[in-house]
Amino acid sequence: MANGETANAQDWSAGCAFHDVPVVVSSALALAESLGASGRDLILAIAAGLEISGRIGRAGANAYTAIKEGPDRGNIHWDPVTGMTHATFGAATAAGKLFQLDPEKMANALGIAGFICPPQTFRKFNFTIPIKMTKYAPLGWVAHSGVTAALMAETGYTGDTELFEGDYGFGRYTGAGQWRPDRILRGIENEKVPLLRIFYKVYPMGRILPGLLIT
């Protein structure tokens with residue numbers, strides 16, 4: 001939790017789908033140290049966690065559209081409901097890899113993560129002045145929740161392994177306006193498809209302010 005909060009304190013953290021890098025990396029670093037994991041296992045856990053977080057985020061849990069034409073060209077249109085729920089899955093995946101969970105327990109870890117993830121508060125954050133320390137979600141708590149999900153699964157606690165299915169699944173109860181589950185598995189069967197790209201910020205602040213400063 002401490003790692004996740006400090007990593008995002010200046011809002012300078014990288015992301016695969018929004019700010020999921022501090023969530024996944026902080027979870028993996030803490031557990032790898034605790035378990036005495038190898039560097040190879042740490043890197044594998046981080047890669048897997050970001051892949052899962054990125055895929056779920058881009059399926060709609062953290063959805064936005066880059067405007068390519070018209071007077072608003074270059075701007076970003078965010079969905080009415082979006083946030084950091086996807087990062088909890090990334091943390092749970094990274095933790096599950098380090099715990100060496102079998103497929104059944106890993107599925108349960110993700111099922112648990114989907115029920116303890118934070119609410120989608122990004123748009124509320126957008127319209128709150130002054131900004132609070134919680135921002136769009138306390139990323140330390142998101143990391144903590146993901147690790148907790150993996151710990152619970154390791155002990156035999158079961159989660160909803162069908163949470164992405166049906167009319168009342170994850171996309172519905174998180175309010176994702178454009179839930180596109182086909183994006184979760186897109187290209188996964190092709191070994192030549194690279195991991196989802198990571199974006200980095202040039203300045204330690206939100207996307208809105210750099211343009212004003214440069215101007």
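The values are calculated or read from the model by the stated rules, or taken from the named source; none is laboratory data. Here the structure is a predicted model, which means the values were calculated and not measured. All Cβ positions, glycine included, derive from the backbone under ideal geometry; neighbour counts span all protein chains shown. Keep in mind that these areas ignore ligands, DNA and RNA; they rest on the heavy atoms of the full protein, side chains included. Shrake-Rupley method; radii C 1.70, N 1.55, O 1.52, S 1.80 Å.
Before moving on, here are some points about what is shown:
- The set of residues in segment 79-118 being under 21 Å from Pro22 (Cβ atoms) and small (Gly, Ala, Ser) consists of Gly83, Ala87, Gly90, Ala91, Ala92, Ala94, Ala95, Gly96, Ala109, Ala113, Gly114.
- Where a residue in segment 112-136 is under 16 Å from Asp11 (Cα atoms) and in contact (Cβ under 8 Å) with a residue 40 or more places away in the chain and its partner, wherever it lies, is part of a helix (DSSP H, G or I) and open to solvent by 30 Å² or more (accessible area, probe 1.4 Å), with Cβ under 8 Å and at least six apart: Lys135/Phe125; Tyr136/Phe125
Rundown of residues vs (1) open to solvent by 30 Å² or more (accessible area, probe 1.4 Å); (2) within 16 Å of the chain's Cα centre (by Cα); (3) more than 14 Å from Phe89 (Cα to Cα), yes/no style:
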| site | (1), (2), (3) |
| --- | --- |
| Gly111 | no, yes, no |
| Gly114 | no, yes, no |
| His144 | yes, yes, no |
| Thr148 | yes, yes, no |
| Leu151 | yes, no, no |
| Gly159 | no, no, no |
| Tyr173 | yes, no, yes |
| Ile198 | yes, yes, yes |
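- Just one of the listed residues (Ala91, Ala109) is in contact with an Asp or Glu (Cβ under 9 Å, 6 or more places away or on another chain), within 14 Å of Gly140 (Cα to Cα) and assigned to a helix (DSSP H, G or I), and it is Ala91.
- Any hit, segment 154-166, residues being among the aromatic types (Phe, Trp, Tyr), assigned to a loop (DSSP other than H, G, I, E, B), touching an Asp or Glu at 6+ places or on another chain (Cβ under 7 Å) and touching a residue at least 24 places away in the same chain (Cβ under 8 Å): no
- Of all residues making up segment 161-171, the number that are open to solvent by less than 60 Å² (accessible area, probe 1.4 Å) and out of contact with any helix residue (DSSP H, G or I) (no Cβ under 8 Å at 6 or more places or on another chain): 1
- Qualifying residues in segment 175-185 (those that are assigned to a loop (DSSP other than H, G, I, E, B) and touching a helix residue (DSSP H, G or I) at 6+ places or on another chain (Cβ under 8 Å)) - the one least open to solvent (accessible area, probe 1.4 Å): Ala176
- Test: Pro103 is open to solvent by 10 Å² or more (accessible area, probe 1.4 Å) and either modelled with pLDDT of 90 or more or of a type in the set (Gly, Ala, Ser) (or both): yes
- Within segment 14-51, the set of residues being on the phi > 0 side of the Ramachandran plot and either open to solvent by less than 40 Å² (accessible area, probe 1.4 Å) or of a type in the set (Asp, Glu) (or both) comprises just one member, Phe18.
- Just one of the listed residues (Asp72, Asp79, Asp11) is open to solvent by less than 10 Å² (accessible area, probe 1.4 Å) and more than 12 Å from the chain's Cα centre (by Cα), and it is Asp79.
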